[in-house]
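Working notes, structure below.
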Amino acid sequence: MDRQSWLAERRSAVVASYDREAPDFDEHPYPADTQQEWVARLLRTVPAGGTVLDAPCGTGRYFPMVAAAGLRVAGVDQSPGMLAQARARDIAYSLERTALQDLSYAGEFDAVMTIDAMENVPPEDWPAVLANLRRAVRPGGLIYMTVEDVGQHDVQQAFQDLSSRGLPAVLGEITEGDVAGYHYYPGRERTVGWFAAEGLAVVDEGYKQENGWGYRHFLLRSP
């Protein structure tokens, strides 16, 4: 199997996994106190009545926070099941089924949040996704992004396993376990390098272990 075919298969597996989990996803919430703190920080930077893009929005977990701040929210997600749950909240003024790789917004939002998502993006697509997010936010606007992190032992073990099965994986990719079919972990150095290449300035960052995962939190300013 060539790499593009394998990645397309993994992408379909991710969507199918989220579709299966969507109906009762919010009944089993994972700890996200730190995410909520960073979302609150982001929202405080948005002018009154401003607009926020939640990409991907999942079930719309953070829609109530945006609305409570007096702001408008739009959501996108590639999972129809997740979008159905988000739509049931009746909060977002716009909901669209699309992937981060296919976003076409241009300067429409005062801020963007991309939470628990970049781990599902393969390395080939990171530059395009960052370009799409940067383009979606107005000049000088902020993007809040989480990036998952795991130990090198897990990364190396997964790479050896996938390679031994003849699969066209690269270092950092994991497809087994609680990863919804596919996760990619670039590490901090490569991540901030991609930010810089896209002209996204790191305003602030943090790191915390939650729910057994390592999370890097970034506030990025669009040029």
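The values are calculated or read from the model by the stated rules, or taken from the named source; none is laboratory data. A quick note: this is a predicted structure, and the numbers were derived from the prediction, not measured. No Cβ is skipped: glycine too gets one built from the backbone with ideal geometry, and neighbour counts run over all protein chains shown. With ligands, DNA and RNA removed, areas are computed over all heavy atoms of the protein, side chains included. Shrake-Rupley method; radii C 1.70, N 1.55, O 1.52, S 1.80 Å.
The figures follow:
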item	result
Of residues in region 79-125 being among the β-branched types (Val, Ile, Thr) and open to solvent by less than 30 Å² (accessible area, probe 1.4 Å), the one nearest to THR51 (Cα to Cα)	VAL112
Output for region 134-161, where each listed residue is surrounded by fewer than 18 Cβ atoms within 10 Å (Cβ to Cβ), at pLDDT 95 or above and either more than 20 Å from the chain's Cα centre (by Cα) or part of a loop (DSSP other than H, G, I, E, B) (or both)	PRO139, GLY140, GLN156, GLN157, PHE159, GLN160, ASP161
Options LEU42, LEU53; residue that is open to solvent by less than 20 Å² (accessible area, probe 1.4 Å) and either small (Gly, Ala, Ser) or assigned to a helix (DSSP H, G or I) (or both)	LEU42
Some residue of region 210-220 being surrounded by fewer than 20 Cβ atoms within 10 Å (Cβ to Cβ), charged (D, E, K, R), modelled with pLDDT under 95 and farther than 24 Å from VAL46 by Cα	yes
Output for region 162-189, where each listed residue is surrounded by 12 or more Cβ atoms within 10 Å (Cβ to Cβ), within 22 Å of GLN35 (Cα to Cα) and free of Cβ contacts under 8 Å to residues at least 60 places away in the same chain	GLY187, ARG188
Of all residues making up region 178-192, the number that are of a type in the set (Ser, Thr, Tyr) and assigned to a loop (DSSP other than H, G, I, E, B)	2
Checklist (1) within 17 Å of the chain's Cα centre (by Cα); (2) not aliphatic (A, V, I, L, M); (3) not in a strand (DSSP E or B) applied to GLY75, failing item	(3)
Breaking point among (1) open to solvent by 30 Å² or more (accessible area, probe 1.4 Å); (2) closer than 30 Å to ARG20 by Cα; (3) more than 17 Å from the chain's Cα centre (by Cα), for ASP204	(2)
